[in-house]
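One structure below.
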Amino acid sequence: MVSTAPGLASRSLLAADPHRPRYHFLPPSNWLNDPNGLIQWQGQYHLFYQYNPFAPVWGSIHWGHAISDDLVHWRDLPIALAPTPGSVDEFGVFSGCAFNNDGVATVMYTGVGKDADGARIELPCLATSADDDLVRWQKYPSNPVIAAPPSGLELLGFRDHGVWKEDGTWYQVIGSGIRGVGGTVFLYRSADLVHWEHVHQICTGDRNQTGDMWECPDLFRLGDKHVLMVSPIPLRKTLYFVGSFREHRFEPQHQGVVDDGGYFYAPQSFTDDLGRRIVFGWLWEGRDESAQRAAGWAGVMTLPRVLMPRSDAALGVEPAPELRTLRRRHTSKLEEVHSAALEIVAEFLPSQATQYGLKVRCAPDGSEQTLIAYDPRSGWLSIDREHSSLEKSVQREPHGTHVNLAPDENLTLHIFVDHSVVEVYANSKACLTTRIYPRRADSLGVELLTRDGSAHFQNLDMWEMSSIWQPAG
Ligand code: DQQ
């Protein structure tokens, strides 16, 4: 199937929007949510994504598709999967994964239908592509490949897939929740990808701690541990568990939040040809639906991030080094910066100040500014958006996370400012991503932030960043 939609023609039409990111992936127009089907195929990176081609709000979910040689610059391809009227996915092609079945590119996605009462039916479906660039996809004619969720449990959803092969057997995890109990992940196995046997639940949470239903489970090996990422309803954030995976049961040993900035959800990771575990997540908007409709677009991918094991069992994260190819004009002088598309690497010496950090997207008179502040006594890193925008209707609540440093450890803030997106990495230990919508065209400055004391840079490097689209858009 090759499907085009009205949205795919219009990337250049929105290029002048001051809030539209220039080096974060987003569709030509309209709505994006979860990354799907991430895979490196014949050397090229493929990013599929939950896409509504008809409006900048969630609905009519298709799989959009883009391709990249370098993980950074993307080219739009036609919509990969669309709902088929009268079929098991007529109400949506929900999230799923891509994998290599003996040389055949294959995806497992959630086909969404409705029962006689209008309730959603979510079932696993397969599709394959024989194209080198994975443009055309054929849905398996006998979809779904699992006829119904496990019986005897009152389930809250049965969707989103992770598939792998182990000792000649296929396995897949599916996200769910048991009413009154908590989020859970079902494990199935199969000899042929078409006939599946329910094995058990690899892990079940306590609804009071980790939510009612786990969307987008992603289970993978990292170093000598396994990591399980889940996006629990109703928490509106993504949790990770680092633990052991033995006899196909996951035992969590350490828990954290993948990105506590308030906008990150439904990530998916994959292993690329270099053996790196790379993750993308969905960033939603921080403004209301009428503003999204007026803009004509909503939803952005994070930058590609590389996940790393850490000795303290937390999940290490760094921006992919390929992003350096976007660096343009460099400076180390704060007063020389006037840009809405920046990369900043600021290494601070330990300080006695009660807070230190940087302010970004600053207006010359300070009427707009976004504060990225570290409190060395509590170890709290926060993003304060109280004055990010003179526009009153946008979200402005603060977000933060703990970044505990040794007494003599420098703080390195690696910050990516891209119009309405601010991604902050701290010492490869934590990540906070937020959305801001400055109204003034001259809110382009960067300033040092200190409270009750002074702060000193060990290093400060800033680059203007180029667009990932050719021509710029
Ligand atoms: N988004 C998809 C679902 C998934 C949710 C629907 C998470 O498959 O559970 O667009 O954002």
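The values are calculated or read from the model by the stated rules, or taken from the named source; none is laboratory data. On a predicted model such as this, the values are computed, not experimentally measured, just so you know. Note that each Cβ is placed from the backbone with ideal geometry, even for glycine, and that neighbours are counted across all protein chains shown. Just so you know, the surface numbers come from the protein's heavy atoms only, side chains and all, with ligands and any DNA or RNA stripped out. Shrake-Rupley method; radii C 1.70, N 1.55, O 1.52, S 1.80 Å.
Points worth noting:
- Filtered by the rule that a residue be small (Gly, Ala, Ser) and either in a strand (DSSP E or B) or in contact with a Pro (Cβ under 7 Å, 6 or more places away or on another chain) (or both), region 152-201 gives Gly157, Gly162, Gly175, Ser176, Gly177, Gly182, Gly183, Ser190.
- Region 239-250 - residue that is outside any loop (DSSP other than H, G, I, E, B) and without any contact (Cβ under 8 Å) to a residue 40 or more places away in the chain and, of those, nearest to the ligand (Cβ to nearest atom): Leu239
- Total residues in region 340-359, condition in contact with a His (Cβ under 6 Å, 6 or more places away or on another chain) and not in a strand (DSSP E or B): 2
- Some residue of region 38-46 being more than 22 Å from Arg276 (Cβ to Cβ), crowded, with 20+ Cβ neighbours inside 10 Å and within 15 Å of the ligand (Cβ to nearest atom): no
- Here Glu447 clears all of (1) open to solvent by less than 60 Å² (accessible area, probe 1.4 Å); (2) part of a strand (DSSP E or B); (3) farther than 26 Å from Val306 by Cα except the condition numbered (1).
- Complete set of residues in region 360-392 that are within 27 Å of the chain's Cα centre (by Cα), part of a loop (DSSP other than H, G, I, E, B) and small (Gly, Ala, Ser): Gly379, Ser388, Ser389
- Of the residues Tyr23, Tyr109, Tyr51, the single one that is touching a Leu at 6+ places or on another chain (Cβ under 7 Å), closer than 25 Å to Ala294 by Cα and part of a strand (DSSP E or B) is Tyr51.
- Here Phe91 passes the criteria (1) open to solvent by 50 Å² or more (accessible area, probe 1.4 Å); (2) away from the ligand (no atom under 16 Å from the Cβ) except the one numbered (2).
- Members of region 397-436 that are in contact (Cβ under 8 Å) with a residue 12 or more places away in the chain, assigned to a loop (DSSP other than H, G, I, E, B) and open to solvent by 10 Å² or more (accessible area, probe 1.4 Å): Glu397, Pro398, Asn404, Leu405, Pro407, Asp408, Glu409, Asn410, His419, Asn427, Ser428, Lys429
Conditions (1) farther than 15 Å from Val227 by Cα; (2) among the polar types (S, T, N, Q); (3) open to solvent by 10 Å² or more (accessible area, probe 1.4 Å); (4) without any contact (Cβ under 8 Å) to a residue 40 or more places away in the chain, marked per residue:
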{"position": "Gly262", "(1), (2), (3), (4)": "yes, no, yes, no"}
{"position": "Gln268", "(1), (2), (3), (4)": "no, yes, yes, no"}
{"position": "Thr271", "(1), (2), (3), (4)": "no, yes, yes, no"}
{"position": "Gly281", "(1), (2), (3), (4)": "yes, no, no, no"}
{"position": "Gly286", "(1), (2), (3), (4)": "yes, no, no, no"}
{"position": "Ala294", "(1), (2), (3), (4)": "yes, no, yes, yes"}
{"position": "Gly299", "(1), (2), (3), (4)": "yes, no, no, no"}
{"position": "Met308", "(1), (2), (3), (4)": "no, no, yes, no"}
{"position": "Pro319", "(1), (2), (3), (4)": "yes, no, yes, no"}
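- When restricted to residues that are touching a residue at least 40 places away in the same chain (Cβ under 8 Å), open to solvent by less than 10 Å² (accessible area, probe 1.4 Å), outside any loop (DSSP other than H, G, I, E, B) and within 16 Å of the ligand (Cβ to nearest atom), region 54-66 contains 2.
- Against the criterion of being among the aromatic types (Phe, Trp, Tyr) and under 21 Å from Trp297 (Cα atoms), Phe91 does not qualify.
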